[in-house]
Amino acid sequence: MRHTMVGFKIRQQRQRIGMTQGALAKRVGISVSYMNLIENNKRNIGGRLLLRIADELELPVERFDGAADRRLVHDLVDLGREPLFEELALTPQAAADLAGQHPRWARALVALNRSLYDRNQAVTALSDRLNQDPFLGESIHSMLTNVAAIRSASEILDGTDDLTPADRARFLAIIGDESGRLADVAQALAGFFDRERSATRSITPADEVDDFLQEHDNYFPDLEHAAARIHEAAGLTSGSAESRLVRYLKKEHGVQVTPAPTLGDGNADPRARSLYDAAERRMVLVATAPLATRRFELGRLAAHLACEEQIDALLAGSSLLRSAAARRRAARALYAYVAAALLLPYDAFFEAVQAARYDIDHLCHHFGASFEQVCHRLITLKKPGREGVRFGLMRSDPAGYVTKRFPLPYMPLPRYGNACPLWAVYRAFQTPGVIVRDLAEFPDGRRYFFIARAMEKQLPSYSNVRQAISIMLVCESIHADALVYGDGLDLSTAAPATPVGPTCRLCVRRNCASRQENPVISD
């Protein structure tokens with residue numbers, strides 16, 4: 001069943017403007033009994049009927065079923081997966097009912113759950129440090145040594161009357177020195193346990209950025225225009241983007257790009273392929289990185305230098321980005337957005353996508369981009385009148401950890417833990433480099449089309465640890481025939497499909513051989 005809040009919102013707005021249920025039903029041309037089913041979420045609604053109802057209630061249709069509302073339901077469903085609530089058998093439909101009828105209480109529960117998660121993470125981190133970090137043992141030993149020395153010297157001074165002035169001065173000096181050392185250790189311990197180091201908010205900032213991107217439907221028209229201006233100023237063409245971006249950065253921003261075998265900075269992120277020194281206006285670019293990566297790094301720096309004020313204003317205007325960490329993550333996401341729009345211009349990319357029927361390998365070759373860059377750009381094709389197929393995106397490592405996610409409106413992607421082990425994103429690891437396609441059916445009868453590929457990140461040297469990732473695009477099955485990957489498959493509603501679920505704990509399929517956990521929902 002589609003977990004929607006449309007009916008509740010229709011009823012609330014109707015009551016707010018003082019219209020009876022019968023009057024609204026008559027105006028839109030349906031029976032009162034059918035309107036009653038809609039308002040109680042017993043019937044799904046969309047298309048022209050929803051437009052007529054929205055017109056009569058004098059609200060834009062987007063207000064009835066927006067992305068923020070769906071995200072709230074998804075967050076409540078995630079909350080219901082907690083083992084603590086297993087006996088309560090919280091269903092996804094109950095989550096939709098709560099979010100629709102009491103949205104403030106729903107948001108309060110989600111906020112409380114996030115806060116609890118953060119505190120549990122902090123307690124776990126501190127517990128690990130108390131039990132394992134050698135710094136604590138050494139510090140405590142040092143403190144005890146300092147205290148013992150201070151106490152011994154003090155007892156001598158207090159209990160001995162015939163000390164010479166030189167001896168008294170020596171013991172006072174010992175007390176002074178040991179007190180200073182004790183203060184240093186105490187200060188170091190205070191720094192060790194300060195809020196910045198002990199707090200662990202690895203999830204909440206990512207959630208805030210998810211909220212922010214979904215509020216904008218991952219489409220930013222003003223940033224598209226900004227990217228187009230940089231593209232024109234740099235005179236980019238598909239075959240010479242790297243050299244032209246290097247010249248553009250030098251001419252427009254006075255930045256010298258220096259290729260190097262490595263970044264040469266032991267403190268740099270080992271995954272980084274570039275390093276920018278703002279004071280010296282110098283960018284070090286790893287020459288051994290793939291061409292697509294080098295171009296993207298240059299594009300991201302161009303976005304940062306040309307759009308910093310514009311992006312800062314966009315972030316400052318959002319009430320969803322509450323923490324500094326979330327704002328930093330969101331800024332990185334938007335600089336990457338501009339870089340993608342710069343290297344894969346919307347109109348040219350859209351036309352190539354339509355001509356190639358979403359053939360990702362063809363698009364990679366045509367634009368000199370990586371598989372992941374093309375997939376990211378595909379989920380931003382939301383320009384009115386030139387929309388592409390609406391995709392969700394998920395990136396996972398071999399352990400099942402979700403490193404990137406952008407869900408579809410009615411298909412939440414896991415935020416904590418793994419998804420269903422039968423999803424193509426995991427199966428792709430069995431055949432690295434090969435695209436896995438799959439028609440999948442969820443327990444509620446909804447069908448989706450999965451496209452996934454596992455690959456290795458190119459390493460700068462033999463000594464680096466190999467990194468494998470799997471990237472998956474997912475769309476509703478009705479769009480599969482528009483994709484080259486749907487060719488040769490039976491896509492009819494009667495066609496066999498892989499029976500999947502969201503996650504094991506939320507899946508109601510009892511006879512699944514791939515189940516890893518017991519479900520929280522009982523019959």
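Can you tell me which residue is farthest from LYS404 (Cα to Cα) among those in the stretch 470-514 that are touching a strand residue (DSSP E or B) at 6+ places or on another chain (Cβ under 6 Å) and hydrophobic (A, V, I, L, M, F, W, C)?
Among those that are touching a strand residue (DSSP E or B) at 6+ places or on another chain (Cβ under 6 Å) and hydrophobic (A, V, I, L, M, F, W, C), it is ALA497.
Restricting the stretch 346-375 to residues that are surrounded by 21 or more Cβ atoms within 10 Å (Cβ to Cβ) and among the aliphatic types (A, V, I, L, M), which is nearest to the chain's Cα centre (by Cα)?
VAL374
Of (1) free of Cβ contacts under 8 Å to residues at least 24 places away in the same chain; (2) buried (at least 17 other Cβ atoms within 10 Å of the Cβ); (3) among the hydrophobic types (A, V, I, L, M, F, W, C), LEU321 satisfies all except one. Which?
Looking at each condition in turn, LEU321 falls short on (1).
Output the residue which, of all residues in the stretch 22-59 that are outside any helix (DSSP H, G or I) and modelled with pLDDT under 70, is farthest from ALA111 (Cα to Cα).
GLY46
Can you name every one of the helices (runs of 4 or more DSSP H) wholly within the stretch 314-383 that holds 3 or more residues which are in contact with a strand residue (DSSP E or B) (Cβ under 8 Å, 6 or more places away or on another chain)?
Correct list: 371-378.
Taking interchain pairs and intrachain pairs at least six residues apart, which have beta carbon atoms under 8 angstrom, with the first residue in the stretch 100-128 and at pLDDT below 70 and aliphatic (A, V, I, L, M) and the second part of a helix (DSSP H, G or I) and surrounded by fewer than 16 Cβ atoms within 10 Å (Cβ to Cβ)?
Qualifying pairs under 8 Å: ALA122/SER198; ALA125/SER198; LEU126/SER198.
Checking ALA325 against (1) farther than 19 Å from ASP217 by Cβ; (2) in contact with an Asp or Glu (Cβ under 7 Å, 6 or more places away or on another chain), only one condition comes out false. Which one?
(2)
Anything in the stretch 486-502 that is farther than 22 Å from ILE360 by Cβ and of a type in the set (Ser, Thr, Tyr)? List them, or say none.
SER492, THR493
Check the stretch 179-198 and report whether any residue there is modelled with pLDDT of 75 or more, in a helix (DSSP H, G or I) and of a type in the set (D, E, K, R).
Checking the stretch 179-198: at least one residue is modelled with pLDDT of 75 or more, in a helix (DSSP H, G or I) and of a type in the set (D, E, K, R).
Residue by residue through the stretch 72-86, note down the ones that are modelled with pLDDT under 70 and in a helix (DSSP H, G or I).
Within the stretch 72-86, PRO83, GLU86 qualify.
The values are calculated or read from the model by the stated rules, or taken from the named source; none is laboratory data. All of these numbers come straight from a predicted model, not from anything done at the bench. Every residue, glycine as well, gets a Cβ built from its backbone with ideal geometry; the counts of neighbours run over all protein chains shown.
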